[in-house]
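One structure is given below, encoded as structure tokens.
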Amino acid sequence: MEEELRCFICKEFYREPVLLPCGHALCRICAVGLQNHVHESDNASATTTDYQEADKASVSSETDSGVVCGSRPNSYAGAPVASAYISAAFSITCPICNKQVYLDDNGAEGLPPFRVMRTIVERFGGISISPPAEEACQMCEGERRAAIVRCEQCSVRYCASCRDAWHPIRGPLAQHELRALGTTCIDHGSTPVLYCNTCLLPICQSCLAERHSPHETQHLSSAARAHKTELSQTLHQLSEEAKAMTEYIQLVKGSGEKINESCEELEAQIDQACSEITRAVERRRDELIRAARNTRSQAVNNMRSLTSQAAQKLREATALLHFSIEALKESDHAAFLQVGRILSARAQETASGLRSSLDTPPAPSALTLDIEPVLRTVNTMNFIECIPPGAPEMAVEACAARGCSCTLAWRAPAAPRAVRGYVLELDDGLGGPFREVYCGRETVCTIDGLHYASLYSARVKAFNGAGEGPYSEVIGLQTSPVAWFTWDARCASAEGGLAIGSEGLVARASGWQPRVALADQPLARGLHYWRLRIDDYDGDADPAFGIARADVARDKMLGSDALGWAMYIDGSRSWFVHGGAHGGRAAGGIASGSTVGVLLDLTRGTLRFTVDDRPQGDIAFTGLRGAFYPAVSLNRGVAVTLQPGLPPPPDLLGDGLVSD
């Protein structure tokens, strides 16, 4: 954190820090030394600048700081052409971000004090910073101390000691009003109690009545809490990134040690091999040793560079992290608002870019010498990959199955064996043969389109120039036993009169012609039960409920062709329909508010229906194999709501017609 507490110019702990509109701090003396006079010609040439951008920067910086309320401080001149400001007399270019700031006749002396910085420097830097004259005790002798109260009747500021000594709370002065000092409104001298969300300013009640009455405001403490919460969340993200950066540095250092060990081992192999061959080989041996040492030198230099780069980024992030944590302890809400938004932006920017520019740590060498044909190849002797990689290790804690997809992760084989890529294999979920589903250099793979209620087995192997290594251990992943699906939005048609709404669960038909709606994914395995609640039904429509293949006719009643299996039902009875043939008539119909259930048992290949969770007839269809889409056909204003992924009714389970 010390880097945040030292001035960028003098490199010392801040003494009387001031806040620039860009959000960076300087010692007041250093700021005065950096300011430059703005000549009239410069003021005239500045008319081409973007006033709105300059004004926006000034407003944002000073309101975020929490130091200035009401009007802007005189020191912020903004763009010299603005009629609302005095012509700029001075300018400062921030040495950190190179943004130019225009100041009025007060120059850097008029910049607002950075109170949060001053508090943290005093707390951790061990330095007592003299407050500005307008904040100092008027009764202290010798070194000035910061005033904490002001007597409204005496018009005198007191520090804690002088208040007790010169203005006791008992006696003739007991009726005087001692007002706690902190951030005050420049226009009215009052303590700000509100925060204007439109202007991003702490304001007093007088400011609210004069200029901010139509604006959105909130209590100052609420605004400070909101900013502190935002900063805390961003700091949590920054902390996690800093932790990952620390682990990265350890990884880089560990890689360097392994590279040294590998290179030493390689040199020993070279020496042993070259000691057995002729003088011609000796010349070649020296070349190879130099090459190996150059490799190590380059790798070590690269490792040092990576370590230095990462360490610098970590120091900067850690300094910002600690500084921001201390800023969160600031009890003066307005003072915190001086810097809260700025720190949040800096922390978020630092966290998002902390590791983006870093390279992958160097890998140890996996080279050796082939000395069998040495007499024939002495002049072409070189390094080769001679050892296939070992077996990767499955990262079980990172593997997971969700719905009908799964994510598999694994770790690289132990060094020094080089790896050029991996081959991931998966079975069919029924204990069948493995098949390749991925080949590449990544160590994480997500596979979609799996079957529900299936146990899949997976394994992975690595390969390099010398061949393929052994497989990892086999890992099993169980997909969800219950299918969750919605209506496919592509089935909706304004011309056809079918609408899909309410997150894909509601289907409504408006025309006379039946229209078919299919689910957004097929079912091929397991036991599945879903219901359809009848939201609107007048007794004259022809709804049908069931399953279908993907290419079923969409403009006919479900079951009219050989690609649909359905139950047609009206207000008093129902029929089973497939391929245009009707059968299995059963008494009992539907009305608005009824529910029609569909039970698909793909283990036995059967389809059954329920009305209000009671069986509607016997088993409707048998011998079902393959992939089916839940489906419905509607017309004439019928509306249904889909309820997927439900347990089967006890009546069906009790009949022994459903597999366990």
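The values are calculated or read from the model by the stated rules, or taken from the named source; none is laboratory data. Just so we're clear, the structure is a prediction, and the values are computed from it rather than from any experiment. Neighbour counts are summed over all protein chains in view; Cβ atoms, including those assigned to glycine, are modelled from backbone coordinates with ideal geometry. These area figures cover heavy atoms from the full protein model, side chains too; ligands, DNA and RNA do not enter into them. Shrake-Rupley method; radii C 1.70, N 1.55, O 1.52, S 1.80 Å.
Annotations
Yes/no matrix, rows are residues, columns are (1) touching a Lys or Arg at 6+ places or on another chain (Cβ under 8 Å); (2) at pLDDT below 50; (3) buried (at least 16 other Cβ atoms within 10 Å of the Cβ):
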position	(1), (2), (3)
29	yes, no, no
35	no, no, yes
60	yes, yes, yes
69	no, yes, yes
95	no, no, no
101	no, no, yes
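- Only residues that are surrounded by fewer than 13 Cβ atoms within 10 Å (Cβ to Cβ) and in a strand (DSSP E or B) were counted across segment 445-467, and they come to 2.
- When residue 550 is tested against (1) open to solvent by 50 Å² or more (accessible area, probe 1.4 Å); (2) without any contact (Cβ under 8 Å) to a residue 40 or more places away in the chain; (3) among the hydrophobic types (A, V, I, L, M, F, W, C), exactly one condition is not met: (2).
- Note on segment 566-613: among residues that are of a type in the set (Ser, Thr, Tyr) and farther than 30 Å from residue 430 by Cβ, the one that is surrounded by the fewest Cβ atoms within 10 Å (Cβ to Cβ) is 572.
- Candidate set: segment 404-417, residues that are over 23 Å from the mean Cα position of the chain (by Cα) and among the small types (Gly, Ala, Ser); chosen: the one modelled with the highest pLDDT: 412
- Residue check for residue 558: crowded, with 16+ Cβ neighbours inside 10 Å, modelled with pLDDT of 90 or more and touching a helix residue (DSSP H, G or I) at 6+ places or on another chain (Cβ under 8 Å): no
- Filtered residue count, segment 398-414, keeping only those that are of a type in the set (A, V, I, L, M), open to solvent by 20 Å² or more (accessible area, probe 1.4 Å) and in contact with a Ser or Thr (Cβ under 7 Å, 6 or more places away or on another chain): 3
- Annotation: residue 387 fulfils all but one of (1) hydrophobic (A, V, I, L, M, F, W, C); (2) open to solvent by less than 60 Å² (accessible area, probe 1.4 Å); (3) at pLDDT 70 or above; the unmet one is (2).
- Flag if residue 276 is part of a helix (DSSP H, G or I) and charged (D, E, K, R): no
- Evaluation of residue 147 against (1) open to solvent by less than 20 Å² (accessible area, probe 1.4 Å); (2) more than 30 Å from residue 38 (Cβ to Cβ); (3) at pLDDT 80 or above (one fails), failing number: (3)
- Restricting segment 473-484 to residues that are assigned to a loop (DSSP other than H, G, I, E, B) and modelled with pLDDT of 90 or more, the residue that is surrounded by the fewest Cβ atoms within 10 Å (Cβ to Cβ): 473
- The single residue among 249, 270, 259 that is more than 30 Å from residue 116 (Cβ to Cβ), more than 40 Å from the chain's Cα centre (by Cα) and surrounded by 15 or more Cβ atoms within 10 Å (Cβ to Cβ) turns out to be 270.
- Residue identified as without any contact (Cβ under 8 Å) to a residue 24 or more places away in the chain, under 23 Å from residue 361 (Cβ atoms) and out of contact with any Leu (no Cβ under 9 Å at 6 or more places or on another chain) among 257, 261, 282: 257
- Considering segment 207-224, and only residues there that are touching a residue at least 24 places away in the same chain (Cβ under 8 Å) and part of a helix (DSSP H, G or I), the residue that is most open to solvent (accessible area, probe 1.4 Å) turns out to be 222.
- Candidates 334, 327: the one that is part of a helix (DSSP H, G or I), touching a Gly at 6+ places or on another chain (Cβ under 8 Å) and over 28 Å from residue 353 (Cα atoms) is 334.
- Test: residue in segment 295-302 that is in contact with a Pro (Cβ under 6 Å, 6 or more places away or on another chain), of a type outside the set (Phe, Trp, Tyr) and either in a helix (DSSP H, G or I) or open to solvent by less than 30 Å² (accessible area, probe 1.4 Å) (or both): yes
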